[in-house]
Amino acid sequence: MTSVGTGCREIRVKTGDGIYRIMYVTKFDDRIYVLHSFVKKSQRTSQADIETGKRRYKMAQQIAKDRRQETA
């Protein structure tokens, strides 16, 4: 999911109800940030889901930066 941000990964789980997706990033310090989870009904990821991931990616970057500054 490089369209969301560098290092963003995706877990996919297919069931009879649909395809569940989880966007996450681990590159900020030693934490895992879950950015977004949703059910896909089509092959393409909706623009709204990508934008949600991007917005939360930026939030995770800021949280990681703030934590580093607190411990410095």
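Selection of region 23-72 for residues being at pLDDT 90 or above and small (G, A, S) yields S37, S46, A48, G53, A60, A64.
The strands (runs of 3 or more DSSP E) found wholly in the chain include none carrying at least 2 residues that are surrounded by 15 or more Cβ atoms within 10 Å (Cβ to Cβ), out of contact with any helix residue (DSSP H, G or I) (no Cβ under 9 Å at 6 or more places or on another chain) and of a type in the set (F, W, Y).
The values are calculated or read from the model by the stated rules, or taken from the named source; none is laboratory data. Keep in mind that what you see is a predicted model, and the values were worked out from it rather than measured. Don't worry about glycine lacking a Cβ; one is built from the backbone with ideal geometry, like all the others, and counts go over all protein chains shown.
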